[in-house]
Amino acid sequence: MARETWGTRIGFILAAVGSAIGLGNIWRFPFQVSQEGGAAFMVMYLAFVLLIGFPAMLAEFVVGRKTELNAVGGIREFAGGMWSYLGGLFVFIGFVILSYYSVIGGWVLRYVVGSFTGGYVGTTAEGAPVAQQYFGQISTGMDTLLFHAIFMAIVIGVVAVGVKQGIELAVKVMVPAIFLIFGILAVYAFTLGGAGQAYAYYLSPDLGYILANWKSLVPAAAGQGFFTLSLGMGVMITYASYLDSDENLALDGVSIVALNTGISIITGLIVFPILFTAGIDPATSGPGALFVSIASALGDLPFGRGVGFLFFLTVFIAALSSAISLIEVVVSYAIDEFQIDRIKATSVAGIAIFLLGAPVTTDLVFVDLYDIFAAQILLVLGGVLLMISITWVNADQAVEELQKGIGDLGALGTLWIWMVRIPVVVVLLISLYLGITGYIEFLQGPFAEYLASL
Ligand code: PFF
């Protein structure tokens, strides 16, 4: 049977962009910037995206298009041998990420609803904005569990029915909507009193800080780089498997990285001026940074609740299109390997993922427990194994495949292979090591304190 291909070049880019743009850009990015000291993180993050993320993305594309298979089968065919087990890791990573991603998706849905009830705008009896208090109320508890369930139910529903057209359409609306709505909010943020201070914090890096903190900056930037570009678990293998061979993969990669990075940067241009103006120290704002800043600004804006509704609805669509790519890794594996039917595979996987995420609704410490493990350990591990298996085992085929649709790359092809073979792999191994030691510190510190407090 002929394998389906994307109807248009733009179809593939849209789907890949739909996977890349999500909570990673809008929720996780400002949260990471604020935990890692502002502009210092920006420098590391941008370096990672360009020097590590982009070549790594090309490697995933090549495997997908060459084998025309999903992530699990693709790497088995391309690299073979013990690399065949990598697929199991991808499926596991998909499970873990989606389990807490859905909880955050549930927060977003709650804010969509809150735009009608008005719960997150206004001030308390003492005159402070209710934004922070509201986030505290909605981020844990039984209702949070309910919204996590609703988010997963929507993901299951969309994937069970089969999605290609749906995603393409959603992304075509979503990307322009993000630039429009976020652009307006960034202009508003620019007019605020705290803007100057925020831009200095966000955009002017301090070399001394980088040198003093590289041990946490490096794994954080690696984790964010992989998370935001949907790398390290084969999503981009699966998507590229539907491509025709006259497609210029490098050009597609550049477009995806540029769009995705643009959205993260613009999100920061909204969040930080608002936090500084409200007198909230970003370092203490944690995983609520996005929600608290947006909600406190909306009270000020004309048609605040309407803008809020559009904003959170857009974020919800972004989250949904990424969540779909995560569950697809699991579902396409179950369908291909065990011939389980699509609806059954999606429902069983979806329920298991819901249960795995349930503890995250009880306390914010679980967000870190899952998130650091997933981004700084699992994705980086998956990424390094993928890069080794692609560029060390089967480099000739990789270059040959990349050249289709581009033309003879000459020395550039060799440069790409050697860049991934050594610098990318070494940097990822260092990041992985630092990520693991940092995680152990988290387990012995904040997480142990949480357990002791029970
Ligand atoms: N890239 C998505 C985001 O930034 O929200 C999250 C994600 C999707 C990570 C798919 C990994 C993945 F395989």
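The values are calculated or read from the model by the stated rules, or taken from the named source; none is laboratory data. Values in this document were obtained by computation on a predicted structure and should not be read as measured data. Glycine gets a Cβ as well: all are built from the backbone with ideal geometry, and neighbour counts include every protein chain shown. Keep in mind that these areas ignore ligands, DNA and RNA; they rest on the heavy atoms of the full protein, side chains included. Shrake-Rupley method; radii C 1.70, N 1.55, O 1.52, S 1.80 Å.
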Considering only protein heavy atoms, what is the solvent-accessible area of R342 at a probe of 1.4 Å, reported in Å² to the nearest 10? 70 Å²
Using mean Cβ contacts within 10 Å as the protection proxy, how do 432-442, 56-66, 299-309 order, highest first? 56-66, 432-442, 299-309
Accessible-area order (highest first, 1.4 angstrom probe) of the listed residues D371, D363, D246: D246, D363, D371
Filter the chymotrypsin sites (Phe, Trp or Tyr not before Pro) in the range 330-387 to those in DSSP coil with at most 15 other Cβ atoms within 10 Å of their Cβ, and list the result. none
In nanometres, the difference between 0.36 nm per residue of separation and the alpha-carbon distance of I340 and A411 is 21.0 nm
For the chain: rounded, prolate or oblate by the Cα gyration tensor [a/c cutoff 1.5]: prolate
R0 = 35 Å: FRET efficiency of V187 with A125, Cβ-based, nearest 0.05? 0.60
So what is the 222 nm mean residue ellipticity for the chain from helices alone, if each DSSP H run of at least 4 adds -39500 (n - 2.57) and you divide by all residues, rounding to the nearest 500 deg cm²/dmol? -23500 deg cm²/dmol
Residue-by-residue Karplus 3J(HN,Hα) for the range 338-350, coefficients 6.51, -1.76, 1.60, Hz, glycine and proline x: 10, 6, 7, 6, 4, 5, 5, 4, 5, 5, 5, 4, x
Result for the chain: accessible area per residue, probe 1.4 angstrom, in square angstrom, of 38 Å²
Accessible surface, 1.4 Å probe, highest first, among residues V121, V257: V121, V257
In units of 2.2 N^0.38 Å, what is the alpha-carbon radius of gyration of the range 1-133? 1.45
Distance in Å, no decimals, from the C-alpha centre of the range 322-385 to the one of the range 188-216 is 34 Å
Gained length - F116 relative to Q197, 0.36 nm times residue gap less alpha-carbon distance: 25.9 nm
Computing the accessible area with a 1.4 Å probe over protein heavy atoms, can you report the carbon and sulfur percentage for the chain? 68 percent
With a 1.4 Å probe and all protein chains in place, put E449, E328, E401 in order of accessible area, largest first. E449, E328, E401
